[in-house]
Amino acid sequence: MALVEEPHLRLLDGCSSIYELASSAISGDVKLSDLARQRATGDVLEYDPLYRGQSEWRILPAIDHPTEPARCMVSGTGLTHLGSARNRQSMHASTDEKLTDLAERINTQANKSGNEQQDEASSRDKKKSRRVA
């Protein structure tokens, strides 16, 4: 376990996983960030070589489950570069426009129906008044 202190990683003492560190923080009623700082040692690693895979050390997932790895699912948006993000954004923008067009048609239909109902009611009233007179 290590605490990121760009451009270094500071090793933590007394824990082998984030699950273990989080469990200790909960049981000790301490903030996770505070406990990580308390456990920080003087040992540091260069972050960039480790990130590039050029170190004997390896980066593991940020969260794990020590006894049942199947309980841990890591997912993301799948957006790995700006092109994907733009495509996703434009997809949502066109959907919003379609929904807006649909909403306008529904409102127009509702207004027509309301006007037709008013016309029918007015017509009934006129027929009733003719019968009474």
If the requirement is being at positive phi, in contact (Cβ under 8 Å) with a residue 24 or more places away in the chain and assigned to a loop (DSSP other than H, G, I, E, B), which of these qualifies: G14, G53? G14
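Taking the conditions exactly as written (farther than 15 Å from S17 by Cα, modelled with pLDDT of 70 or more and part of a helix (DSSP H, G or I)), does D48 satisfy them or not?
Taking the combined requirement at face value, the residue satisfies it.
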Please verify whether D34 is in a helix (DSSP H, G or I), assigned by TED's automatic domain parsing to the domain that holds D13, at pLDDT 65 or above and in contact with a helix residue (DSSP H, G or I) (Cβ under 9 Å, 6 or more places away or on another chain), treating the condition exactly as stated. yes
Of the residues in the stretch 25-41, those that are of a type outside the set (A, V, I, L, M) and touching a residue at least 12 places away in the same chain (Cβ under 8 Å) number 3
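The values are calculated or read from the model by the stated rules, or taken from the named source; none is laboratory data. From a predicted model like this one, the values you see are computed outputs, not experimental measurements. Don't worry about glycine lacking a Cβ; one is built from the backbone with ideal geometry, like all the others, and counts go over all protein chains shown.
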